[in-house]
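**Q** My questions will all concern the structure given below.
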Amino acid sequence: MSKIKPSKGAPYARILGVGGYRPTRVVPNEVILETIDSSDEWIRSRSGIETRHWANDEETVAAMSVEASGKAIADAGITAQQIGAVVVSTVSHFKQTPAVATEIADKLGTNKAAAFDISAGCAGFGYGLTLAKGMVVEGSAEYVLVIGVERLSDLTDLEDRATAFLFGDGAGAVVVGPSKEPGIGPTVWGSEGDKSETIKQTVPWTDYRDGEVAKFPAITQEGQAVFRWAVFEMAKVAKEALDAAGLTSAELDVFIPHQANERIIDSMVKTLKLPESVTVARDVRTTGNTSAASIPLAMERLLATGEAKSGDTALVIGFGAGLVYAATVVTLP
């Protein structure tokens, strides 16, 4: 018989606060057209993107995260000292070690919070949210800060017609804490590594270091393959997340998919047969694809504009490089 005492966590977990940070520089499509042969009309029709934000030298991964996190902590009504763990999802922090989460935890003034980074691409926020829920319920942390942050402008090939217009920078954060009723549903997540070549870094860092390639590594993708996968396969995953939460699409208030492409969003809405009463996040139009940051940034904007309200039931789903995905139903803070 085990001598280990059972954990004393909360019965359930929920998102208590949300915050976001968008860099000050707004980049319209006209700037992108300086380096690729395209048009504003083509970019808008293919992606829905009109503008995106690009970070300056001071708007580092850590700096943007601290700004977004401060807002989330204030929104949750707690202090930084109460944060027991910091989970950061990013693919654009260029120091292999230490984890940028440790720097963020220190700058926020946490009391030696556990801190680590994860790399799960555009599904990273969903992965982090699932880990945070587990920590709160298990009892290893009362409050967990989950951050999705990217400086994808550093990994964008401005001469690549397929991707140059897609990516933006920013940080989104949420505080996950105890709840007396379910606030984060079961997660449906997974990976399809056999499709890893469809979204990837062009070459390893070592190829650039060793002079085998002259151009700095960037993110590239097979657009049509990604589109088909996202539209058909991710709609199924979204439906599975609804089923796991015991809900139908008619019971949803809000749909917050990864802001990859507005055509993908429209197709998922159609496939899921979401009623017109469901508010759909379309932050991609002015923020672009910010990978791990896209869902919390879209969530924050919906709440700030009043398009969604506290207590609404939202389906969130992220999907991207790996290929990886994660979907769940949450109660908005």
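The values are calculated or read from the model by the stated rules, or taken from the named source; none is laboratory data. Note that this is a predicted model, so its numbers are computed, not measured. Virtual Cβ from ideal backbone geometry, glycine too; neighbours counted across all protein chains shown. Ligands, DNA and RNA are stripped out before the accessible areas are found, and what is left, the full protein with its side chains, is counted by its heavy atoms. Shrake-Rupley method; radii C 1.70, N 1.55, O 1.52, S 1.80 Å.
**Q** Between a residue in the range 191-206 that is without any contact (Cβ under 8 Å) to a residue 60 or more places away in the chain and more than 19 Å from A327 (Cβ to Cβ) and any residue that is among the hydrophobic types (A, V, I, L, M, F, W, C) and open to solvent by less than 50 Å² (accessible area, probe 1.4 Å), which pairs come within a Cβ distance under 6 Å, given they are 6 or more apart or on different chains?
**A** As it stands, the answer is T202/A218; V203/V213, since those pairs meet every condition given.
**Q** Residue by residue through the range 74-120, note down the ones that are out of contact with any His (no Cβ under 6 Å at 6 or more places or on another chain), open to solvent by less than 10 Å² (accessible area, probe 1.4 Å) and in a helix (DSSP H, G or I).
**A** Once the filter is applied, which keeps residues that are out of contact with any His (no Cβ under 6 Å at 6 or more places or on another chain), open to solvent by less than 10 Å² (accessible area, probe 1.4 Å) and in a helix (DSSP H, G or I), the range 74-120 yields A101, I104, A105.
**Q** Only one of (1) part of a helix (DSSP H, G or I); (2) over 30 Å from S39 (Cβ atoms); (3) out of contact with any strand residue (DSSP E or B) (no Cβ under 9 Å at 6 or more places or on another chain) fails for L129. Which number is that?
**A** (3)
**Q** Being over 14 Å from the mean Cα position of the chain (by Cα), among the hydrophobic types (A, V, I, L, M, F, W, C) and within 20 Å of S119 (Cβ to Cβ) is the filter here, so list the residues in the range 145-175 that pass it.
**A** Result: L155, L166.
**Q** For a quick check of your reading: which strands (runs of 3 or more DSSP E) sit entirely within the range 159-250 and have at least 1 residues that are in contact with a Cys (Cβ under 9 Å, 6 or more places away or on another chain) and of a type in the set (V, I, T)?
**A** 199-201
**Q** If you scan the range 305-333, which residues turn out to be polar (S, T, N, Q), out of contact with any helix residue (DSSP H, G or I) (no Cβ under 6 Å at 6 or more places or on another chain) and touching a residue at least 12 places away in the same chain (Cβ under 8 Å)?
**A** S310, T313, T331
**Q** Among the residues of the range 60-73 satisfying the criterion of being in contact with a Ser or Thr (Cβ under 9 Å, 6 or more places away or on another chain) and within 17 Å of L152 (Cβ to Cβ), which is surrounded by the most Cβ atoms within 10 Å (Cβ to Cβ)?
**A** S65
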